[in-house]
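To keep things clear, I will list the structure first and then write my remarks on it.
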Amino acid sequence: MATQYAGPATEEDSAHLTARPLPIEDSPALRQALEQGEPHTLLMTYVHLSGDEEMLDKFAPHFKSPYAYPPEAIPAELLAELREKLRHVLVTPGAAKSGEPSEALMHRMMSVGLAEDVEPEFLPLLFDQIGFRQEAPRRDNPDRKPADPNVTVLVIGAGMTGMAAGIKLAEAGYNWVIIEKNEEVGGTWWENRYPGVGVDTPSHFYSFSFALNPGWHNYHPQGTDMFAYLSQVADDYKLREHIRFNTMVEKLVWDEDAAVWNVTVRKSDGSEEVIRANAVINGHGPVNRLKWPTISGLESFEGVRQHTATWDSSLDLKGKRVGIIGTGASAAQFIPAVADEVSELHVFQRSRHWVMPTPAGEDIVSDGVKFAMRHIPHYLEWYRFRIYWYAADGLYPNVLLDPEWPKDSPSVSAVNEAMRQFAIGHIERTFADRPDLREKLTPGFPVFSKRIILDRGTYFPTYLKPHVHLEQEGIERITPKGILLKDGREIELDVLVCATGFDVANMMGKLEIVGVGGKRLRDEWGTEDPRAYFGMLIPGFPNYFHTVGPNSAPNHAAGQNLISECQVHYAIECLDWLNERNKKALQPTMAAYDAWQDRVATQMVNMIWSHPRAFSYYNNSEKRNFLSWPWRLVDFWNECRGPRHADFELS
């Protein structure tokens with residue numbers, strides 16, 4: 001079972017919980033946990049411990065999709081029976097069945113718990129990512145050739161991907177160093193500090209599969225809790241002693257004779273240093289290069305101007321007239337967080353977004369559920385399983401175009417239309433008496449064709465407050481006093497907030513990368529057209545792994561943590577292959593690279609992002625989707641088990 005972290009809140013939560021032995025005390029805390037626990041997860045936990053398949057039969061007729069409205073009510077007497085049976089197994093010596101359930105039983109449990117068939121192909125991924133089966137460290141594998149002690153891997157960035165790389169490189173026995181431009185780990189979760197900052201991905205999934213956390217305070221973590229989790233992981237895996245903080249990677253140059261990268265870094269004192277590395281894993285991520293809006297007069301504003309990505313925590317908004325440009329994910333978190341503090345809040349909507357209510361309802365994790373996560377064996381893993389499915393590949397059918405579906409429809413299939421109706425229902429229930437807001441907030445494009453906004457029960461209701469104004473009229477220009485709209489109105493502001501996102505298409509940022517024969521990656525990619533083999537590797541740039549790269553983002557679902565783990569696994573598989581073959585360098589062939597581009601383009605035609613109404617930051621100015629992975633996460637996981645040898649040149 002995976003190591004578990006209890007979260008950042010209390011002294012108890014700072015300790016490791018590597019095992020949850022039975023029996024446990026029959027306490028009021030346990031009974032509260034059973035009362036507040038999620039029913040599907042309680043059932044999975046009970047069957048896991050008892051092997052009692054009869055309870056699966058009893059519950060199966062009452063399990064429905066969480067997107068059904070109103071939700072299916074499970075009979076109270078059946079829930080009471082489950083809670084009592086689980087309590088008995090937990091507190092009675094010898095009541096739990098010895099050993100683990102068979103794979104066949106776990107497969108059946110998954111399908112019953114989700115109220116849909118789980119195909120067998122998902123099982124290896126699920127066992128790995130839920131935390132039931134973790135591979136031993138590579139260095140302990142007697143059949144593997146030990147890593148060459150003279151090989152050094154340089155990792156760019158100490159965010160989620162960079163941290164995973166450090167942990168797994170250490171387990172594989174490689175020499176490694178992480179170069180981090182900030183003074184701390186955490187990447188975007190250290191940098192972003194605007195009011196309300198949080199994570200759209202559910203907490204119990206948005207964490208490393210090898211470091212589960214039963215102590216989350218919210219079902220979707222606040223930014224501070226996300227940073228605290230990553231900081232704790234860095235401590236426990238002793239990452240900091242391998243990280244060079246306050247250091248910026250500026251240039252990579254491939255030395256063909258030595259088969260190493262010469263990496264130029266700039267230190268905090270302004271001086272430069274060249275580090276030689278056999279391989280580079282670039283984990284700097286696409287969401288750390290903020291983008292200001294291209295609106296005339298932006299520099300002329302005489303009030304306070306802020307971007308959410310560089311928030312000044314000392315800024316006092318109390319009683320201020322505040323305007324915010326944008327209604328994307330950052331804005332949807334910021335708006336309810338500050339609405340009751342400001343005197344007037346003007347939201348300037350550039351484009352509509354589909355907004356989904358959180359299926360879990362109340363976002364705060366109760367004390368009873370926290371107890372279950374910490375002390376009831378397998379509850380945490382089964383809860384993570386359920387969250388994975390409904391936040392990840394369970395959503396994949398929504399992004400597949402049905403060729404028989406009307407081309408001019410605002411949806412792409414019957415499944416996608418059902419999701420659209422679910423989102424419309426949220427709009428209609430919230431704004432039943434406000435047809436003006438219903439019109440302003442209802443998009444005309446398919447759900448999932450651009451990023452979904454999550455409403456934890458506070459975002460949409462904020463627009464009903466009398467001092468909050470949703471401005472649909474376009475912006476003519478920004479003036480010294482505020483914003484002039486195209487209809488001639490000038491709205492005076494004290495503070496202007498830009499929640500206008502990041503320059504995602506420029507995946508290199510300011511980094512200069514020079515490969516074989518002086519080939520420059522910027523010449524290949526420009527500022528908005530990145531391409532790579534399998535989203536990571538580029539011919540002419542040996543031993544360079546660009547994680548979270550072109551067409552590797554899970555835009556149909558949550559799962560960046562899974563992508564990060566998979567890409568790190570793949571990179572180390574490549575390094576191990578080189579080591580096994582006594583070779584120094586690896587790069588994809590041009591034929592493999594071109595074939596991959598064709599494969600992505602062919603699949604993208606079948607995806608929602610090719611719909612004529614689909615416009616988002618996933619696409620460049622030519623409407624080519626450079627960001628999204630057009631298959632399922634299980635396909636990504638499978639592809640990352642190791643390199644296809646025929647697709648590579650070794651030297």
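Each value in this text was obtained by applying a stated rule to the coordinates, not by laboratory testing. Predicted model, so just to flag it, every value in this text is computed and none were measured. Positions of Cβ are backbone-derived with ideal geometry, glycine not excepted, and every protein chain shown enters the neighbour counts.
The figures follow:
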{"item": "Overall form of the range 284-356 per C-alpha gyration tensor (a/c, 1.5; a/b vs b/c)", "result": "rounded"}
{"item": "Among the listed pairs Lys320/Lys481; Lys145/Lys238; Lys168/Lys238; Lys181/Lys251; Lys168/Lys267; Lys181/Lys291, those beyond 21 Å (Cα-Cα)", "result": "Lys145/Lys238; Lys168/Lys267"}
{"item": "Percent of alpha-carbon pairs separated by more than 42 Å within the chain", "result": "27 percent"}
{"item": "Candidate lysines - alpha carbon under 18 Å from Lys318, same-chain residues fewer than 8 apart omitted", "result": "Lys465"}
{"item": "The range 556-597-the range 206-260 distance, computed between alpha-carbon centres (Å)", "result": "20 Å"}
{"item": "Partner lysines for Lys85 [C-alpha distance under 17 Å; skip if fewer than 8 residues away on the same chain]", "result": "Lys58, Lys97"}
{"item": "Burial order of peptide ranges 382-391, 215-224, 294-303, 607-616 (average beta-carbon count within 10 Å, highest first)", "result": "382-391, 215-224, 607-616, 294-303"}
{"item": "Reachable lysines, given that their alpha-carbon falls under 19 Å from the alpha-carbon of Lys407 and they are not under 8 places away in the same chain", "result": "Lys450, Lys623"}
{"item": "Separation of alpha-carbon centers, the range 374-418 and the range 95-111, rounded to whole Å", "result": "25 Å"}
{"item": "Contact order normalised by residue count of the chain, Cα under 8 Å, 6+ apart, percent", "result": "17 percent"}
{"item": "Antiparallel bridge percentage (DSSP; both residues within the chain; nearest 5)", "result": "45 percent"}
{"item": "Under-5 Å amide H pairs with Ser552, H placed in peptide plane, nonlocal only", "result": "Trp629"}
